[in-house]
Amino acid sequence: MIAFGCAITDAETYERYAGPGIASVAEPDSQIHAYGSAGSIFRNYNLVIDQVKDRDDLEALVLLHQDAEIADPDFCAKVRSALEDPEVAIVGCAGAIGVRSIAWWEGAVTWAAFSHRYEEEGGGEIPALTWDQQKLPSYARLGEVDTVDGFAIALSPWAVRELRFDETLGPMHGYDFDICLQARAAGKKVITQDFRVIHHHSLDMIQGVDGWVEAHMRIAEKWDGRFPEVGTAAGDWKQRARRAEAELAATRMVGFAAEQVWTARVEALRSELRDTKSSSSWRLTRPLRRLGRLLKRSGDPGPSTLD
């Protein structure tokens, strides 16, 4: 039996995305544990684990965000295939190696079978790294990784029995990296699998920057000296602290500069439009444009028009 779990903070979002996705792949004996949030995502996921940990027929527990939509009809079969190896504890559809912190994407991403859909700026989609098998980058591969993106993961029965999300680390960030480190510290594997999920998420990828920074620091402190390279970088702590300050200042400067450039471009376009509309040619052709609109409304495409 494959169980599904989701923490709900917005019922409409769950009903649009996670709920239908789960329903499309759930099997007759699947259990679905979707509850209103009881606090942190760490706490919510531990509550789901407690609901299924004693089941003898459990094959996997799938945990996903309320805005994650499973889009793979073979999802359950792929989860089972990934967990055939008893050494595998955690499976995800996106992962990386060489990861030092909760910013897992700064490592070498080896697989990402999800796409990112957003509604800002009229909506759009950032395509998956690996959905088009004819266009796979040379570095893309399935297999063992340091960590997976936790928006959609599957835990093995061993992981459900032996691991817990560390509720001391904060309300929402870093839970995936920490649970993967727990599994690897116990000698188990974390791997990627080619199951497809659509993440319906805003372009504001990190919500609550202060909380993200706090989780980054806590997890680095927790695993410092316990896992090779995690929480470390070149130089002593003073050099790393100064480098972090410099990188933050540089990032802010780049962001400010980008904002100013964008503002200047928008103003230039507005100015150009104002100049165009105030020109004599624009005024002289206004009747033609008006006629074009009338023809278009009447069903006759007429001449191509602006305005």
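Could you grab me the full set of residues in the stretch 160-210 that are of a type in the set (Gly, Ala, Ser) and closer than 22 Å to Ala68 by Cα?
Selection gives Gly170, Gly174, Ser202, Gly208.
Are there any helices (runs of 4 or more DSSP H) wholly within the stretch 1-67 with 2 or more residues that are surrounded by fewer than 22 Cβ atoms within 10 Å (Cβ to Cβ) and of a type in the set (Gly, Ala, Ser), and if so which?
Once the helices (runs of 4 or more DSSP H) in the stretch 1-67 are filtered for at least 2 residues that are surrounded by fewer than 22 Cβ atoms within 10 Å (Cβ to Cβ) and of a type in the set (Gly, Ala, Ser), what remains is 18-25.
Would you confirm whether or not the stretch 74-95 contains a residue that is modelled with pLDDT under 95, surrounded by fewer than 20 Cβ atoms within 10 Å (Cβ to Cβ) and over 20 Å from Cys6 (Cα atoms)?
Taking the stretch 74-95 and keeping what is modelled with pLDDT under 95, we get 93-95.
Within this subset, residues satisfying the condition of being surrounded by fewer than 20 Cβ atoms within 10 Å (Cβ to Cβ) are none.
Scanning the stretch 74-95, I find no residue that is modelled with pLDDT under 95, surrounded by fewer than 20 Cβ atoms within 10 Å (Cβ to Cβ) and over 20 Å from Cys6 (Cα atoms), so the answer is no.
Suppose we keep only residues that are free of Cβ contacts under 8 Å to residues at least 12 places away in the same chain and touching a strand residue (DSSP E or B) at 6+ places or on another chain (Cβ under 7 Å) within the stretch 106-131. Which one would you say is surrounded by the most Cβ atoms within 10 Å (Cβ to Cβ)?
Applying the filter and picking the extreme gives Ile126.
The rows are residues; the columns are (1) in contact with a helix residue (DSSP H, G or I) (Cβ under 6 Å, 6 or more places away or on another chain); (2) within 16 Å of Arg43 (Cα to Cα); (3) outside any loop (DSSP other than H, G, I, E, B).
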| position | (1), (2), (3) |
| --- | --- |
| Trp158 | no, no, yes |
| Phe165 | yes, yes, no |
| His173 | yes, yes, no |
| Asp178 | yes, yes, yes |
| Arg184 | no, no, yes |
| Asp194 | no, no, no |
| Ile198 | no, no, yes |
| Leu203 | yes, no, no |
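Could you please give the count of residues in the stretch 84-101 that are assigned to a loop (DSSP other than H, G, I, E, B) and under 20 Å from Ala112 (Cβ atoms)? Before the answer, list the steps.
Looking only at the stretch 84-101, we keep the residues that are assigned to a loop (DSSP other than H, G, I, E, B), and these are 84-87, 93, 98-101.
Within this subset, residues satisfying the condition of being under 20 Å from Ala112 (Cβ atoms) are 93, 98-101.
Here the count works out to 5.
If I filter the stretch 19-29 down to residues being in contact (Cβ under 8 Å) with a residue 40 or more places away in the chain and not hydrophobic (A, V, I, L, M, F, W, C), which single residue comes out as nearest to Ala3 (Cα to Cα)?
Glu27
The values are calculated or read from the model by the stated rules, or taken from the named source; none is laboratory data. Values in this document were obtained by computation on a predicted structure and should not be read as measured data. Please note: Cβ atoms are built from the backbone with ideal geometry, for glycine as well, and neighbour counts cover all protein chains shown.
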